[in-house]
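Below is one structure, written out as structure tokens; the observations come after it.
Here, each number is a calculation from the coordinates, and none is a lab measurement. It should be emphasised that the depicted structure is a prediction, and the values quoted were computed from it without experimental measurement. Glycine also receives a Cβ, built like all others from the backbone with ideal geometry; neighbour counts cover every protein chain displayed.
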Amino acid sequence: MAIYKRGYQRYDGPRASRAARLAVLVRDAWRRATAQRLVTVLLAASCLWPLLCAFFIYIANHAELWAGMDRSFASILSIDHQFMLTFMKVQAVFSVILAALAGPGLVSPDLANQGLPLYFSRPISRFDYVFARLASLAGLLSLVTWIPGLVLFLMQVSMAQPGWLAANWRLGLGLAAGFWLWIAMVGLVAVACSAYVRWRLIAGALVLGYFFVLSGIGAVINGIFRVEWGDLINPLRASYGVWCALLGAPMPSGLTLPMSLAALALMGALLALVVERRLRPVEVVS
Amino acid sequence: MSQPVVEIEDLHVELGRREILHGVSCRLGVAGTGRAIGLLGPNGAGKSTLIRTLLGFHRPSRGSARVLGFDCHRQRRRVLERIGYMPETDSFIASMTGVEFLRVMGALSGLPEEIALEKAHETLFHVGLGEARYRTLGTYSLGMRQMARLAQAIVHGPELVILDEPTNGLDPSARRRMLDLIRQMKEEHGMSVIVCSHLLADVEQVCDEVVILKDGAVVHHADLEAERRANRRFVELEVEGDDSALGAALEERGAACVRETAGRWRIVLPPDFDLRALWALAAAQGLSVRRLTQRRDTLEEIFMKAMGLLRQTPGEAAAGEEVEIRGDL
């Protein structure tokens, strides 16, 4: 029977599990995150650097193509931690821009349209809501970070000499772990900014500001006080310190692994606090 | 013993450092019987805070609140699985179409995916948004958004539906439609409904019992259904002329009445009283009737009295001096 003829019938069948409800929330967030055309354009643009890197790996593993060139060129063409760190730095910038574009659409519209009571009056918690937003953003950022990174790593493994993997397995593991740490940080910044500001444009600017303004402030502190701990308030620099440790590269001057981890943990805690304070079903004025 | 829909024991709720609910206790409705409960009170009485506490948005500082047998704070998820909530605020998700919105809301409430889509269509037709279901919510008018909010509250077939100011901002025909839908929800689908409203006429039309809150406490709990069953009829009468003998004449015919001011009477008629007798009585005393309004029940009076704005109603023992009470029921 046609639905419009049947009329409303109260449903009293079996209910979906919590995991199924969470999946609905994640899918809804993914749909929102990928709804903008600009996000698709940026995703396409972020493939350029991995493609160049893939070309580089191909050249590096085909000695016959650069036979006869001088030795300094040969030393450049090595796939090591420096290569991976360069790849990670470029893709990290793409991921920040992507988060600034896609992130604010995840929470800001719900705040602007007072939609949070609609979610929280259902059997889902605030944690579920934030987790779904973070998960969809993590999926999006994965497309420009660890997934192309691991593809490059596997490409290098397949083309390199048999002993390369045994000597450099840490690069693949470090790249994946480093990017996951980065995704968690960027995702949390995007959700916190989106929860803090109701306007998408301003929330996007806040995401960019968080990374680039803090970098600037860190550099200013270092310059004025002639210290190096200014890097600790720079999320890019603190993450870079962790990446170096994970990939087995020398640590940048003025940073140690525990300091970088502590700085990132503190930033994460503050961002989580912002999310906790802002994402409530109703606003209570004290 | 039948289980109440809502059971509140000495509930205290603080927001910030201010206590909003001060020891609210009441038992409302009977689960599975499809009754509507009106939640009334002036602004700041604590109605919204009470509803939000039932939804688990606020944590009680003392006491407990149970919905359908489950504790609102400790068993929040189980409570929310059984509830549909229509918020007072203009809450929606602008970028979604009507059907998409309802599908997501239904699935989040626990409807299996394939059922959620079917129910979304079904519910939108039910509330009169069938033709607009593929339009984004941002393009809906205020009345349509109100209906969409009602639809999201019932799409998953909850046992209890909480409606916060459901007729706010609706034109008369939409308001009538909303009240019809509320009536259908309880009578045809067996849902318990809590209606929080400032509009006494709306509550009077659809509710079977009312709770009146004032300054964060319950000041009155009345069973309107029982009032209706008692079949008491209330009349407001305005006459011109010497009405000094009218009270006694009404009393003789078994009516109870209050003379508010000269020429203005409020009367409780006995069940078998024919209104034409009232006209005849006025004519016999040489009075011209300027106004005669008949009401089925006393919600306005109950409310006014609970607020302390009315000292007494006709038919009750005299307690004040401003009005003259005659007769008894």
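Annotation: amide H of B:I162 within the under-5 Å range of B:G84, B:Y85, B:M86, B:I194, sequence separation 5 or more or interchain, hydrogens built in the peptide plane. Counting only Cβ charges, +1 for Lys and Arg and -1 for Asp and Glu, the dipole size of the stretch A:18-278 around its Cα centre is about 960 debye. Using DSSP, restrict attention to beta bridges with both residues in the stretch B:6-227 and report what percent are antiparallel, rounded to the nearest 5. Taking every DSSP beta bridge with both residues in the stretch B:6-227, the antiparallel ones total about 55 percent.
Listed by chain and number, the lysines placed with their C-alpha closer than 30 angstrom to that of B:K47 are B:K186, B:K214, B:K305; residues fewer than eight positions away on the same chain are left out.
Under the simplified labelling scheme, the A:A265-B:S64 pair shows an inter-label distance of 4.0 nm, with each label point 7 Å from Cα along Cα→Cβ. Per residue of A:10-23, other chain Cβ atoms within 10 Å of the residue Cβ number 5 on average. Considering the zone a paramagnetic label at A:A45 would reach in this model (a point 7 Å from Cα along the Cα-to-Cβ line), which residues of the stretch A:91-132 have amide N under 13 Å from it? Once the point is set 7 Å along Cα→Cβ of A:A45, A:93-102 turn out to lie under 13 Å by backbone N, inside the stretch A:91-132.
By other beta-carbon atoms within 10 Å, ranking B:K186, A:K89 with the fewest at the front produces A:K89, B:K186. Look at B:T167, A:T256 and count the other Cβ atoms within 10 Å of each Cβ; fewest to most, that gives A:T256, B:T167. Size descriptors for chain A, from the alpha-carbon set: Rg then Dmax equal 22.6, 81 Å. The value for the stretch B:6-227 of Rg(Cα) / (2.2 N^0.38 Å) is 0.99. Each Lys and Arg adds +1 at its Cβ and each Asp and Glu adds -1 at its Cβ; summed about the Cα centre, the stretch A:141-286 shows a dipole of about 240 debye.
When you restrict to C-alpha pairs under 8 Å that are six or more residues apart and normalise by the size of chain B, the relative contact order lands at 18 percent.
The residue list B:I194, B:P42, B:I154 was ranked by how far each Cα lies along the charge dipole of chain B toward its positive end, using unit charges on Cβ atoms, and B:I154 comes out on top.
Each residue of the stretch B:144-160 is assigned a 3J(HN,Hα), and the resulting list reads 5, 5, 4, 5, 5, 5, 5, 4, 5, 6, 10, 4, 8, x, x, 7, 10 Hz, derived from the Karplus form 6.51 cos²θ - 1.76 cosθ + 1.60 (θ = phi - 60°), x at Gly and Pro. Across the stretch B:180-283, the relative contact order, built from alpha-carbon pairs under 8 Å that are at least six residues apart, equals 18 percent.
In units of the compact-protein estimate 2.2 N^0.38 Å, the stretch B:69-155 shows a Cα radius of gyration of 1.10. Cross-link partners of A:K5 among aspartates and glutamates, defined as those whose alpha carbon lies under 16 angstrom from its own and excluding same-chain residues fewer than eight positions apart: B:E118, B:E122, B:E131.
In the stretch B:184-268, the inverse of the mean reciprocal separation of distinct Cα atoms equals 15.9 Å; this is its Kirkwood hydrodynamic radius. Evaluate the distance, in nm, between pseudo-label points positioned 7 Å from the Cα of A:A23 and of B:D171 along their respective Cα→Cβ axes. It works out to 4.4 nm between the two label points.
Here's the picture: charge each Lys and Arg Cβ at +1 and each Asp and Glu Cβ at -1 in the stretch A:18-278, and of A:M267, A:W66, A:F120 the one pushed furthest to the positive end of that dipole is A:F120. For peptide B:100-112, the mean count of partner chain Cβ atoms within 10 Å of a residue's Cβ comes to 6. Derived scalar couplings between HN and Hα for the stretch A:5-14 equal 8, 6, x, 6, 10, 6, 7, 9, x, x Hz in order, rounded to whole Hz, by the Karplus curve 6.51 cos²θ - 1.76 cosθ + 1.60 (θ = phi - 60°), x for Gly and Pro.
When only alpha carbons of the protein assembly as shown are considered, Rg and Dmax amount to 33.8, 128 Å. To the nearest ten degrees, helix B:98-108 and the longest principal axis of the Cα atoms of chain B are 80 degrees apart. Once both labels are positioned 7 Å from their Cα atoms along Cα-to-Cβ, the gap between B:A283 and A:V213 label points is 8.3 nm. Magnitude of the charge dipole for chain B, about its Cα centre and with charges confined to Cβ atoms of Lys, Arg (+1) and Asp, Glu (-1), is about 900 debye. Counting Cβ atoms of other protein chains within 10 Å of each residue's Cβ and taking the mean over peptide A:1-7 gives 4. Annotation: the antiparallel percentage among DSSP beta bridges lying fully within the protein assembly as shown is about 70. For the charge dipole of the stretch A:1-137, defined by +1 on Lys and Arg C-beta atoms and -1 on Asp and Glu C-beta atoms about the Cα centroid, which residue among A:H81, A:L51, A:G7 has the Cα displaced farthest towards the positive pole? Of A:H81, A:L51, A:G7, it is A:G7. Taking other Cβ atoms within 10 Å as a rough exposure proxy, A:W182, A:W199 sort from fewest to most as A:W199, A:W182.
The string of couplings for the stretch B:243-249 from the Karplus curve (6.51, -1.76, 1.60, θ = phi - 60°) is 9, 5, 9, 5, x, 4, 5 Hz, one whole number per residue in order, with x for Gly and Pro.
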